[in-house]
Each structure stands twice: as C-alpha cells, then as structure tokens.
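Scroll down for the structure; my scribbles are underneath it.
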Amino acid sequence: MYVCIVNHEGETLVHRTIPAKANDFLKIIEPYREDLAVAAACMFTWYWLADLCLEAGIEFVLGHALNMKTIHGTKTKNERIDSEKIAALLRGGYLPIAYVYPARMQSTRNRLRRRTFLVRKRAEILGHIQNTNSQCNLRAPDPVTGSRL
C-alpha cells in the first residue's frame, strides 16, 4: 500500500510503501492524526481501510476511480503517482467522491454486484444460443427446461 501524506502547504511529509496492515497504517499516520483525512481510490480493497478509519475516528474519503482518471489522466500510472494525485486532489478539494458503504451493507452490495454480473452473463449466453439456433433454423430451447418447444 502506498501512503502519501501532504500538509496544508502542499509539502510531502510521507511518501512510501507500507504493508497493507492496520497496525502499520496506524503507526505511520500517528504523528499526523490531529488534522488528517484519509483518501483512497475506489478499488476492491478499500473496505478494511474505511472500517479502520471509522473505528479510529479518522475522516475517510473514497475517490471515484474512473472520474479521478479523467481528471489527472496521465499516461504513466503506478501506486506512487496515484498516491500523489489522490493527495493533491483531496488537498485542492477536487477529489471526485464515491459513496462509502457502511460495514453492515458491504456484503449485501457485493452479493448484488455479483448477482448482476451473473444475470448479465446468463443473458449473454442465452443470446448466443438463440443466435446459433437461428442460424441453423432451429427453435430456441426453453430457458427453464431446455426442451425445444
């Protein structure tokens, strides 16, 4: 996990890789906790960081990854550069914000997203089957029973 801590004047105080573990994160931010806001890109692994910040009373802001890419749209992309960009966007008030799901809703959100994915995949596969059957002048199978009506 790449950490970039910037003060109000824009000076970089910390800029390095740390293990993505709660204790390591809390240890590195300890000297700066008084007026700290933590920001992260909306990726698959933000839940633990948001939950940790909530427990520790630290403001957490989730950046909308797609909109951030549009704003800073650099050709080079890596954790070091991304951490600087997120810090600069947060400091300047330009970080596009995504909704931070409460811990109690995270598993529901994940299940709904997975279900949506599977429903779309099923529709795609059924479309392929219907297209193939049409090309061969066959009736489409019933989606429930599989028999040809």
*asked:* Would you report the distance distribution of C-alpha pairs in the chain as whole percents per 10 angstrom bin, up to the bin with the largest distance?
replied: 9, 31, 24, 12, 11, 9, 4, 0
*Starting with the highest mean, order 114-122, 18-26, 60-68 by the number of other Cβ atoms within 10 Å, averaged over the residues of each peptide.*
60-68, 18-26, 114-122
_Point-to-point label distance, residue 43-residue 104, nm (Cα→Cβ direction, 7 Å offset)_ = 3.0 nm
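Can you put 99, 47 in order, fewest other beta carbons within 10 Å first?
99, 47
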*Label residue 67 and residue 112 with points 7 Å out from Cα along Cα→Cβ: what is the distance between them in nm?*
1.9 nm
*Please tell me the relative contact order of the chain in percent, rounded to the nearest whole number, where contacts are Cα pairs under 8 Å and at least six residues apart.*
19 percent
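Roughly speaking, what is the stretch gain from residue 54 to residue 122, that is 0.36 nm per residue apart minus the C-alpha to C-alpha distance, in nm to one decimal?
20.7 nm is the gain from fully extending residue 54 to residue 122.
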_At q = 0.15 Å⁻¹, base-10 log of I(q)/I(0) for the range 81-130 (Debye sum, equal scatterers on each alpha carbon)_ = -0.69
*What is the spin-label model distance, in nm, from residue 129 to residue 2 if the labels are put 7 Å beyond Cα along the C-beta direction?*
4.6 nm
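Rule-based calculations on the coordinates, nothing more; no lab input. Just so it is clear, the structure is predicted and the values come from calculations on it, not from any experiment. Counting neighbours? That spans all protein chains shown, and the Cβs are built from the backbone with ideal geometry, glycine included.
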